[in-house]
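As structure tokens, the structure follows; a few thoughts come after it.
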């Protein structure tokens, strides 16, 4: 038996197939992973993400601490509610975790980190905070529900009603607002418009059931993975880890090099890597013809070298097999994938594969 979110009983009542995920009993699907995927791309679906770890950082030293802790720079967050995506690095420049941090007001930030890295994240944050006037507070009393899809806004407004509905209309992407005990961010992990709602544990089931009545279908971890892959979003532990830098994981854009005098954990190692250039890069793959791309399959780039698929699956939206792969830096646009001893051709493309429900692939693919 694993940890249970406040929505565990709702999952059981909805006939979810439950699996272990990072020590949590979580729904993999509620009947059809494919249907759940299309529900999010075409309408609206909801995810239980209460297994994620919410951490508040409070105190006069919070800004300085986060500017040291994270590769991206929270000094960019000028407006209350603004969010920032960043990696948290070790001294060698490897990714301890990727996360979202929200600026609530001076002296108060909120971070959401991965459940699979909870213990090491909290330990690392506490170790690094010693020289700063900051409190690190894990918010275990809070649940989290994501509502994603092109109709997410309209259906969420229908459930929450006024005056919250008017505020949702005004909420920009990668911003959050506080509405009573709800903390609502216009963020997500699907490539669609959507929201992530942080709320008290004892209110989660009521919101979940109200969303269900409004036609927001429950979606499990299976579709969450295919949605994020189509959207070109990395998965920690697959596409990056402590032995992979942001420069090798397609996340160079999350590193704030300016100002030059900002010291952050891992900066020196990253600067050396930037000068010498990483030997590998993360790319998208699209398989030519039939087959399924899976994690750890070997990728061969003729005349260049070998790589490996880090995340692979069938894309329900495209009807093709797609993947992320770590390949030699010199790789071009064609490669082969070793699938059960057969070398099948694939195109190397730039992620994302899908944005707002539409293909981003070149017309010739």
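The values are calculated or read from the model by the stated rules, or taken from the named source; none is laboratory data. Because the structure is a prediction, the values reported are computed rather than measured. Counting neighbours? That spans all protein chains shown, and the Cβs are built from the backbone with ideal geometry, glycine included.
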Exercise for the section: Please indicate, with yes or no, whether at least one residue in the range 217-229 is surrounded by fewer than 21 Cβ atoms within 10 Å (Cβ to Cβ), farther than 22 Å from residue 322 by Cβ and not assigned by TED's automatic domain parsing to the domain that holds residue 307. Expected result: yes
Handout entry: Which listed residue is modelled with pLDDT of 95 or more, assigned to a loop (DSSP other than H, G, I, E, B) and either touching a strand residue (DSSP E or B) at 6+ places or on another chain (Cβ under 9 Å) or farther than 26 Å from residue 255 by Cβ (or both), from 79, 39
Key = 79
Completion exercise
Reported set for the range 96-119 where residues are within 16 Å of the chain's Cα centre (by Cα) and in a helix (DSSP H, G or I) is 115, 116, 117, 118
Fill in the blank from the handout: Checked against (1) crowded, with 17+ Cβ neighbours inside 10 Å; (2) closer than 21 Å to residue 134 by Cα; (3) in contact with a strand residue (DSSP E or B) (Cβ under 7 Å, 6 or more places away or on another chain), residue 51 satisfies every condition except (2)
Handout entry: Filtered residue count, the range 194-204, keeping only those that are surrounded by 18 or more Cβ atoms within 10 Å (Cβ to Cβ) and either touching a helix residue (DSSP H, G or I) at 6+ places or on another chain (Cβ under 6 Å) or assigned to a strand (DSSP E or B) (or both)
Key = 6
Practice task
Restrict the check to the range 6-24 and report whether at least one residue is closer than 24 Å to residue 111 by Cβ, modelled with pLDDT of 95 or more and out of contact with any strand residue (DSSP E or B) (no Cβ under 6 Å at 6 or more places or on another chain).
Solution key: yes
Handout entry: Residue within the range 120-129 that is on the phi < 0 side of the Ramachandran plot, in a strand (DSSP E or B) and in contact with a strand residue (DSSP E or B) (Cβ under 6 Å, 6 or more places away or on another chain) present
Key = no
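For (1) over 22 Å from residue 192 (Cβ atoms); (2) surrounded by 17 or more Cβ atoms within 10 Å (Cβ to Cβ); (3) not assigned by TED's automatic domain parsing to the domain that holds residue 122, each residue gets a yes or a no:
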{"position": "9", "(1), (2), (3)": "yes, no, no"}
{"position": "37", "(1), (2), (3)": "no, yes, no"}
{"position": "47", "(1), (2), (3)": "no, yes, no"}
{"position": "73", "(1), (2), (3)": "yes, yes, no"}
Exercise for the section: For residue 296, state whether it is over 30 Å from residue 92 (Cβ atoms) and modelled with pLDDT of 95 or more. Expected result: no
Exercise for the section: Scan (1) free of Cβ contacts under 8 Å to residues at least 60 places away in the same chain; (2) more than 26 Å from residue 221 (Cα to Cα); (3) surrounded by 18 or more Cβ atoms within 10 Å (Cβ to Cβ) for the single condition residue 99 breaks and write down its number. Expected result: (2)
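Among the residues of the range 130-145, is any assigned to a helix (DSSP H, G or I) and at pLDDT 95 or above?
no
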